[in-house]
């Protein structure tokens, strides 16, 4: 350690933290140079580089590289300055460097023409700017224990934003600043810093410790008492940091929230929240908001983990502090990046940002969803934008053409982390790598950098995220089932007959552990509690029991459970689920589910072991204390078994074949319940349904529903090219419309007759008694349509006029109309069956694992095809749905006696960059129908009426590349 001496210091940088701040020093000592010497040096450099050399090339460096010491011209200071080159960016006709001015502690950008060689004569005196840090003053953080509902102040690896901001405000408010130099390590000076505020002298080191922003680190060897140098300040010692236990919902309320925020944020934000009837943060938000607002890395797993409100308010609050970002490069780039799993969620987050951004300073948020067209990514301008909302794939496409995208990025939010890791794991880790590389430069030492990951489920890749990319993160898990996965609870499924459960329980309780074992046996009936307790006593196993009718008092059970037992003791408590809340047990080592749990009660039972959850991701599951054993019998609730199976698969537990067989039957039964539902829209559009277990629609063929309906018989008999008229566009590949007969279209004749009929006022007879599923006429502008009533609201039937939901049976769209608008439709106009057919364009799906079409491509296709005749090849039909491949717009050139193809719908979708090839589409439909065909053949029943065979690839490329499609001849 160097001898201590007092210095007057002056702060240089306005962006700093207790571990890195730059000063100039005045006084006496080995590291101090008189200010006059710096003035003389500055004058000599200016004279030399301005006038001494007429030939500039003689003092220009031959090469420029990072870390090189040189002299540069500062436009702001209007003088030549000593500098260290931090980075070099090459442009078309020159290169630009980012330099650190070593005498002024400033970062500036300099063009190559303003860089000169640093002569040895100008490097003799030390740099004027000195890098300092507070001596032995180390950061702390708040570690939350969500199980105990407590928080502890513990050592941290970096300063959080609240401590940094308090430190900055303290130094900015000072009228005088002094430092006592205690040590020098490399180029960094360790100091006790003293500031004078309103005539009161404060030791900054002590002040940070007393405010619980820091702790004092004891020296490894005895270097003498610090009290000798503290100028009557309270001495810094480990005892001055109380390790107090506090309620995490209120603990360490961030300085960022306590300080006076901009008026527009306080009043406008409160008004917006009041308008939305916001009553305050929920349980998870109470844990997350303080740590997010303090700039800490956060992982939050909660049942509400897909709600953006978990992070938007604290992130917006942090972004109000513009001073936190002053040290960042003066370039274009966002401060915050929110990565969502898909375009739909990105739109939701962006809308929320726009709503609450009105209450704060302008952040100019941007929603960026990019397809595969490179020109689109190249044309994106992000000037002035401070928040970007996007998806992983879109972000990487943007990054290809905007290489400085991460240069100012401070806050990276990963929304629905489990979905991101499931659908785009490679892309997410690429983004994290880019962010990690961007923040390793020196300027990031005193700039915030934060990663926030929120979701509803724990994911096996989150430990890697925490270990490689986060810095001492807050991990908040309020979903107890997910906490048990994080805590590495061993999950065991024990199949047995219902009559054998007691014997299996005794085997499980045949302990061999030397440690204290505290076991909970859960049942759902009082009778079972009494029976199990009796069996355990008869087998000399010490056990307690409690249920709603129990004679034992709650106090007695708690006393017995919490007693200090010697190592090797085994305590068993048999109980019903309704006793859990009263007992508040959290230190069990094993939970046995004697009665099969529902998914909801399962998490509550696991919470009883939360004290023994492992908090170290490096520990193997086999070495953890907590264990959960599920007894699976033939009487186990089938509905609950499905949920438990999904959980065990998610937890990567070993699953016995019996559970798979049990749930397979359950899944089949669940599908049978949906047998009268419509065929799943995703199955029709893409060939697969990602959410089959929760999807409310059918995923198998129903022979009664899937009979061809509005497809003309002659088309079924001789499948080929047809003319179709799309009238209602659902999305990019799904439309409703009519099949038009080129020779004699019956609907065209009927439509003319209907409109002619209703032209007479006497024929416009309003319907008095509206009936469900009945057909009526309806006037829309100047045209009359056939409609069918789908729904009549029960509450409105008694009103004179009421709303009814109707379907345009010849177009496929639905609407709400008033009952008085419905007109009596004569029987002769009802003879022609409904003409609306559903069309699905084959072999194309959304990019980036999306399950819904981006509105951009749907809007584009809507305007391109609605109301226009198209030629199509029907490759498959089911019910009222026809799959077409291809579908093209054909224009007849009457003068040249030929037809040309304007466009192919599938090709048009692909050209937007928002669609990609889906070769499995038809194959999946073949499998679906082939399964039924096999069943029908086995029962010797014809299925010709159901669907006609798929035509393979014979017509698949029809119209795809052909320009001249037909040529008429006079002969």
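The values are calculated or read from the model by the stated rules, or taken from the named source; none is laboratory data. Predicted model, so just to flag it, every value in this text is computed and none were measured. Cβ atoms come from the backbone with ideal geometry, glycine included; neighbour counts cover every protein chain shown.
Would you confirm whether or not the range 445-452 contains a residue that is assigned to a loop (DSSP other than H, G, I, E, B), buried (at least 22 other Cβ atoms within 10 Å of the Cβ), under 16 Å from the mean Cα position of the chain (by Cα) and assigned by TED's automatic domain parsing to the domain that holds residue 331? So far as the range 445-452 goes, no, none of its residues is assigned to a loop (DSSP other than H, G, I, E, B), buried (at least 22 other Cβ atoms within 10 Å of the Cβ), under 16 Å from the mean Cα position of the chain (by Cα) and assigned by TED's automatic domain parsing to the domain that holds residue 331.
If you check 100, 122, 109, 73 for being within 16 Å of residue 44 (Cα to Cα) and in a strand (DSSP E or B), only one passes: 73.
Determine if the range 459-477 includes at least one residue that is farther than 18 Å from residue 298 by Cα, outside any loop (DSSP other than H, G, I, E, B) and over 14 Å from the mean Cα position of the chain (by Cα). No, the range 459-477 has no match at all. The conditions of being touching a strand residue (DSSP E or B) at 6+ places or on another chain (Cβ under 8 Å) and either farther than 22 Å from residue 482 by Cβ or assigned by TED's automatic domain parsing to the domain that holds residue 390 (or both) are not met by residue 312. The residues in the range 181-201 that are modelled with pLDDT under 85 and more than 45 Å from the chain's Cα centre (by Cα) can be counted, and the count is 6.
Which of the numbered conditions does residue 802 fail, given that it passes all the others? Conditions: (1) surrounded by 17 or more Cβ atoms within 10 Å (Cβ to Cβ); (2) touching a strand residue (DSSP E or B) at 6+ places or on another chain (Cβ under 8 Å). Evaluating residue 802 over (1) surrounded by 17 or more Cβ atoms within 10 Å (Cβ to Cβ); (2) touching a strand residue (DSSP E or B) at 6+ places or on another chain (Cβ under 8 Å) leaves (1) as the failure. Quick check on the range 903-919: of everything there that is in contact with a strand residue (DSSP E or B) (Cβ under 8 Å, 6 or more places away or on another chain) and in a helix (DSSP H, G or I), which residue is surrounded by the most Cβ atoms within 10 Å (Cβ to Cβ)? Looking at residues that are in contact with a strand residue (DSSP E or B) (Cβ under 8 Å, 6 or more places away or on another chain) and in a helix (DSSP H, G or I), I get 905.
With 404, 420 as the choices, which residue is touching a residue at least 60 places away in the same chain (Cβ under 8 Å) and surrounded by fewer than 16 Cβ atoms within 10 Å (Cβ to Cβ)? Answer to the check: 404. Among the residues making up the range 162-203, those that are closer than 14 Å to residue 139 by Cβ and either in a loop (DSSP other than H, G, I, E, B) or in contact with a strand residue (DSSP E or B) (Cβ under 8 Å, 6 or more places away or on another chain) (or both) are 163, 164, 167.
Taken over the range 830-840, the residue count meeting the criterion of being within 23 Å of residue 759 (Cβ to Cβ) and touching a strand residue (DSSP E or B) at 6+ places or on another chain (Cβ under 7 Å) is 2.
Here the range 660-675 is the region considered, the condition is being surrounded by fewer than 18 Cβ atoms within 10 Å (Cβ to Cβ) and in contact with a strand residue (DSSP E or B) (Cβ under 8 Å, 6 or more places away or on another chain), and the residue that is modelled with the lowest pLDDT is 671. Just one of the numbered conditions (1) buried (at least 21 other Cβ atoms within 10 Å of the Cβ); (2) modelled with pLDDT of 85 or more; (3) under 30 Å from residue 182 (Cβ atoms) is not true of residue 97: (3). Of all residues being free of Cβ contacts under 8 Å to residues at least 12 places away in the same chain and exposed (fewer than 10 other Cβ atoms within 10 Å of the Cβ) in the range 55-70, which is farthest from residue 87 (Cα to Cα)? Just the residue, please. Ranking the candidates gives 55 first.
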